[in-house]
Amino acid sequence: MYAVIKTGGKQYRVQPGDLMVVEKLDGEPGAKVAFGDVLMLGDGDAVTVGAPTVDGASVAATLIETRKGEKIKVFKKIRRQGYRRTKGHRQLESVLRVVGITAGGKETKWDGKVDLTPKAELDARARGLAVRAAEPAKPAKKAAPVKAEETLAAAEAPIVEAEAATETKAPAKKAAAPKTEAKAAPAKKPAAKAEATEAKAAPKKAAAKADDGEKKAAPKKAAAKKDSDKA
């Protein structure tokens, strides 16, 4: 028995066991699909044509996968304008396995088993590139129960460490105080140097004054000699 069905705006001639590729249909792999738009039925020499469909007839199928079809190229050109455009397109499609046809109280089923292996995996096997099945995830180990005392100790540990750190840092500031005093001490040295220079400069000034006094005293002696000579 065979049937002509309509789906996705197209017509397909199918019989139990056929693999059918149609426009995209909703559903997960393994879902059951029923087509009620049966346009014609054939059983041997008997043919039943619907008007427009055959009453009580349906086709059952199993969804294997939904995938992208072969790529087609779309090329556009406008002559003498230098216009050329090339694009690609892959239409979404669903793959089905027809498992039975029901019509007029008679049902024809397929005795085989539906294989849900996708085409991509079949192609990989043909090239010797089959992907290994994912290993089952190992169950996560349960964490040991934490006691209340351990949690309190863990919570207090950071506080104790912070206090110890502050205590160790405090003496460092006190030790830094003598450095400031040591830095202030050298400031007195320039003052001592200034006093030494003033002390050295004082004798020089005294010597200069003595020289001036001698120079002034010399003319007086010369004047006394002239007076004695006149007498």
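Annotation: Ser58 fulfils all but one of (1) surrounded by fewer than 16 Cβ atoms within 10 Å (Cβ to Cβ); (2) out of contact with any Lys or Arg (no Cβ under 9 Å at 6 or more places or on another chain); the unmet one is (1).
A single entry from Leu25, Leu96 fulfils the requirement of being part of a loop (DSSP other than H, G, I, E, B), hydrophobic (A, V, I, L, M, F, W, C) and touching a residue at least 60 places away in the same chain (Cβ under 8 Å): Leu25.
Checking the structure you have, find out if any residue of the range 90-97 is surrounded by fewer than 19 Cβ atoms within 10 Å (Cβ to Cβ), among the aliphatic types (A, V, I, L, M) and at pLDDT below 95. Give the steps one after another, and end with the answer.
Pass one, the range 90-97, residues surrounded by fewer than 19 Cβ atoms within 10 Å (Cβ to Cβ): 90-93.
Next, from what is left, pick out any that are among the aliphatic types (A, V, I, L, M): 92.
Checking which are at pLDDT below 95 leaves us with none.
The answer is no, given that none of the residues of the range 90-97 is surrounded by fewer than 19 Cβ atoms within 10 Å (Cβ to Cβ), among the aliphatic types (A, V, I, L, M) and at pLDDT below 95.
Mind listing just one residue for me: the one in the range 31-42 that is out of contact with any Gly (no Cβ under 9 Å at 6 or more places or on another chain) and outside any loop (DSSP other than H, G, I, E, B) and, of those, nearest to Lys6 (Cα to Cα)? So the residue we want is Phe35. Flag set for Val14, criterion: buried (at least 16 other Cβ atoms within 10 Å of the Cβ) and either more than 41 Å from the chain's Cα centre (by Cα) or outside the structural domain of Pro118 (by TED's automatic domain parsing) (or both).
Contact annotation: residue pairs with Cβ atoms under 7 Å, 6 or more positions apart or on different chains, pairing a residue in the range 31-43 that is touching a residue at least 24 places away in the same chain (Cβ under 8 Å) with a partner that is in a strand (DSSP E or B) and surrounded by fewer than 17 Cβ atoms within 10 Å (Cβ to Cβ), are Asp37/Lys6; Leu39/Lys6; Leu39/Gln11; Met40/Val47; Met40/Thr48; Met40/Val49; Leu41/Thr48.
The values are calculated or read from the model by the stated rules, or taken from the named source; none is laboratory data. Keep in mind it's a predicted model, so treat the numbers as computed, not measured. Note: ideal-geometry Cβ built from the backbone for every residue, glycine included; neighbour counts use all protein chains shown.
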